[in-house]
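These notes concern the structure reproduced below.
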Amino acid sequence: MMDRGGSGDPVEGGDERGPEGPVLRIFLVGFMASGKSVVGRRLARRLGWRFRDMDRAVEEADGRKVARIFAEEGELRFREMEQAAALRLLAEEGVVVATGGGWPCFPGRLDDLGAGTLAVWLDVPVEVAVARVRAGRSRRPLLEVDDPEARARELMAVRAPFYRKAHWRIETPGMTPGQVAAAIAGRLEGR
Ligand code: S3P
């Protein structure tokens with residue numbers, strides 16, 4: 001199901017159709033394990049665009065894995081590196097970007113995307129995201145705590161208002177990644 005923010009309400013700061021002019025890049029935003037990478041790959045393939053992952057862009061620039069950057073430099077430094085990667089990705093065209101779960105969650109990030117960038121929130125319940133993180137092999141340093149579900153709930157409470165600024169929101173439960181990608185591509189064609 002797709003709408004413009006919570007329960008069909010317009011997204012705060014967003015508009016129904018996305019940015020002015022042609023969409024040159026799509027930034028997928030949402031919580032850790034919301035499916036940004038798997039959906040992003042499929043969407044890019046459908047559109048004939050490139051797929052880029054913001055975490056991988058940080059790792060390529062730095063030479064270390066995200067978990068190691070967190071451990072050795074701390075979250076604040078990681079956020080600086082992540083924003084530097086985001087600015088590079090915002091200069092690319094014909095690209096679908098899986099952003100890091102925390103990247104949009106600073107003032108201005110989704111307000112100042114500029115022309116050509118469509119932001120889509122892949123919304124997922126916290127318990128689904130935590131179950132995927134538990135079952136998967138990718139490390140999420142922020143959830144490496146005694147009670148990851150409680151931590152995830154706290155994070156989501158703080159982050160949801162930022163994710164809500166995306167132009168479009170898709171409630172992904174019950175949809176396959178292919179269906180989510182098709183929904184985005186279809187809506188893009190209808191613009
Ligand atoms: C983070 C999400 C991760 C990664 C880092 C921090 C977050 O990316 O950037 O572990 O703050 O939510 P994914 O959203 O791809 O898991």
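The values are calculated or read from the model by the stated rules, or taken from the named source; none is laboratory data. Treat the numbers as computed from the prediction; the structure is a model and nothing was measured. Cβ atoms come from the backbone with ideal geometry, glycine included; neighbour counts cover every protein chain shown. We work out accessible area using only protein heavy atoms, side chains counted, and drop any ligands, DNA or RNA first. Shrake-Rupley method; radii C 1.70, N 1.55, O 1.52, S 1.80 Å.
For the residues A61, A85, A160, a GNM of the chain with alpha-carbon springs under 10 Å puts the largest fluctuation on A61.
Cα centroids of segment 113-162 and segment 48-108: 15 Å apart.
For segment 51-191, what does the accessible surface come to per residue with a 1.4 Å probe? Please give it in Å². Value for segment 51-191: 48 Å² per residue. Percent of Cα pairs in segment 35-104 per distance bin of 5 Å, from zero to the largest separation: 3, 18, 27, 23, 16, 9, 3, 1. Result for the chain in a Gaussian network model with C-alpha springs under 10 Å: among G178, G63, G116, the largest mean-square fluctuation is at G63. Along each principal axis, taking the top coordinate minus the bottom one, the Cα set of segment 132-191 gives 46, 26, 18 Å in descending order.
Against the chain, whose longest principal axis comes from its Cα atoms, helix 177-189 is set at around 40 degrees.
Estimated translational diffusion coefficient (Stokes-Einstein, Kirkwood radius over Cα pairs, 10 °C, 1.306 mPa s) of segment 42-187: 97 µm² per second. Each residue of segment 39-49 was assigned a 3J(HN,Hα) from its phi angle through the Karplus curve 6.51 cos²θ - 1.76 cosθ + 1.60 (θ = phi - 60°); the sequence is 5, x, 4, 5, 5, 4, 4, 4, 7, x, 9 Hz, with glycine and proline shown as x.
With angles folded into 0 to 90 degrees, how steeply does helix 126-135 sit against the dominant principal axis of the chain? Use alpha carbons for both and round to 10. Roughly 60 degrees between the two axes.
Loop-located GluC sites (Glu not before Pro) across segment 29-105 with a Cβ neighbour count of 16 or fewer within 10 Å are E92, E93, with loop assigned by DSSP. Looking at segment 126-165, the trypsin sites (Lys or Arg not before Pro) that sit in a DSSP loop and have at most 11 other Cβ atoms within 10 Å of their own Cβ are R137.
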